[in-house]
Amino acid sequence: MESAGSDKTVLFLCTGNYYRSRHAEIVFNHHATVAGLGWRAISRGLALELGVNNVGPMAQATRARLTGLGISHAAYLRLPAPVTDADLTRADLIVALKEAEHRPLLTERHPGWAERTHFWHVHDVDFAVPDVALPQIEDAVLELIRRLGQPE
């Protein structure tokens, strides 16, 4: 589900575009639609080659959590996608899921974009189990939607 016509776009970034950024994208789009917010999310990965254990279109933990939340994800079942300079340029807002992990990748692979990126602090499965990380993403997404919905 890519952004539509006049909607603004938030780009969620993680390393493999398999788990965290995909969850953020789908949860954001669900709640933004419910709220009537003129924003849509897409997600991409900064280093897909590092996801050697990523099998299939999306992490099973992400799919299970979305199912448990009652959020449809069938339309999002695609293979992970690498971020391009065009994705970065088109985004109205860029959010990377973990600063310590993603700032160096952005700096190395997409110079100049780290300074334009908002960083969250959600650990990957090497430091936090999905039962901890996925609710953190949901809370951060809901706070982001609240802020985007406020008058400027």
Give me the residue from the stretch 115-142 that is more than 12 Å from the chain's Cα centre (by Cα) and hydrophobic (A, V, I, L, M, F, W, C) and, out of that set, nearest to HIS23 (Cα to Cα). ALA133
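Go through the stretch 12-42 and give me each residue that's among the hydrophobic types (A, V, I, L, M, F, W, C), closer than 18 Å to PRO57 by Cα and in contact (Cβ under 8 Å) with a residue 40 or more places away in the chain.
PHE12, LEU13, CYS14, ALA24, ILE26, VAL27, ILE42
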Condition (residue is in contact with a helix residue (DSSP H, G or I) (Cβ under 7 Å, 6 or more places away or on another chain) and either small (Gly, Ala, Ser) or at negative phi (or both)) applied to the stretch 83-91: is it met by at least one residue? no
For the stretch 143-152, what are the residues that are touching a residue at least 60 places away in the same chain (Cβ under 8 Å) and either buried (at least 17 other Cβ atoms within 10 Å of the Cβ) or within 16 Å of the chain's Cα centre (by Cα) (or both)? LEU144, ILE145, LEU148
Out of everything in the stretch 106-142 that is among the small types (Gly, Ala, Ser) and either out of contact with any strand residue (DSSP E or B) (no Cβ under 9 Å at 6 or more places or on another chain) or surrounded by fewer than 17 Cβ atoms within 10 Å (Cβ to Cβ) (or both), what residue ends up being farthest from ASP92 (Cα to Cα)? ALA128
Number of positions in the stretch 98-125 that are touching a residue at least 60 places away in the same chain (Cβ under 8 Å) and hydroxyl-bearing (Ser, Thr, Tyr): 1
Does GLU49 satisfy being at negative phi, out of contact with any helix residue (DSSP H, G or I) (no Cβ under 6 Å at 6 or more places or on another chain), among the acidic types (Asp, Glu) and without any contact (Cβ under 8 Å) to a residue 12 or more places away in the chain? yes
Scanning the stretch 75-99 residue by residue, the ones that are farther than 19 Å from ARG147 by Cα, among the aliphatic types (A, V, I, L, M) and either within 16 Å of the chain's Cα centre (by Cα) or surrounded by 13 or more Cβ atoms within 10 Å (Cβ to Cβ) (or both) total 6
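Bear in mind these aren't lab numbers, they're just calculated from the coordinates by the rules spelled out. Given the structure is predicted, the values throughout are model-derived calculations rather than measurements. Cβ coordinates were reconstructed from backbone atoms using ideal geometry, including for glycine residues, and neighbour counts include every protein chain displayed.
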